[in-house]
Amino acid sequence: QVQLVESGGGLVQAGGSLRLSCAASGIIFSSTTMGWYRQAPGKQREWVSVISSDGRTNYVDSVKGRFTISRDNAKNTVYLQMNTLKPEDTAVYYCKIESAEVGNYWGQGTQVTVSS
């Protein structure tokens, strides 16, 4: 059974930092591309970042230079380090398996709120 569990969200002031974690189970994590998405109130869910099985990364322009995605294959966990947070980063953040072979699985989401 595939399961993704996010954690690490919370309330932070603008300029602060948070690190999100997404623990995966039920998959061969080390060979699976993983992504982070977010959905702000009243807006569509948007892609934020991706990390391939060999560690290649990519980011949406609005977070480049502030967010860093990483993975620990020994812990079956993908991370999103978020620095210099802005109020517009406020959203529910979701991790997702980016593999057509594995299937379309999402975590339950973790709330990030950035106060001005």
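The values are calculated or read from the model by the stated rules, or taken from the named source; none is laboratory data. What you see is a predicted model; the values in this text were computed from it and never measured. Note: ideal-geometry Cβ built from the backbone for every residue, glycine included; neighbour counts use all protein chains shown. For the accessible areas, the whole protein counts, side chains as well, though only heavy atoms, and no ligand, DNA or RNA atoms are used. Shrake-Rupley method; radii C 1.70, N 1.55, O 1.52, S 1.80 Å.
With the condition being open to solvent by less than 50 Å² (accessible area, probe 1.4 Å), under 24 Å from A24 (Cα atoms) and charged (D, E, K, R), I'd like the strands (runs of 3 or more DSSP E) fully within segment 59-106 carrying at least 2 qualifying residues.
Numbers: elements: 67-72, 77-82, 91-97.
Strands (runs of 3 or more DSSP E) meeting the threshold: 67-72.
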Of the residues in segment 27-44 that are part of a loop (DSSP other than H, G, I, E, B) and farther than 18 Å from S7 by Cα, the one that is most open to solvent (accessible area, probe 1.4 Å) is Q44
For segment 63-108, which residues satisfy the criterion of being of a type in the set (G, A, S), farther than 19 Å from T32 by Cβ and in contact (Cβ under 8 Å) with a residue 60 or more places away in the chain? none
Taking the conditions exactly as written (more than 21 Å from G10 (Cβ to Cβ) and modelled with pLDDT under 95), does I97 satisfy them or not? no
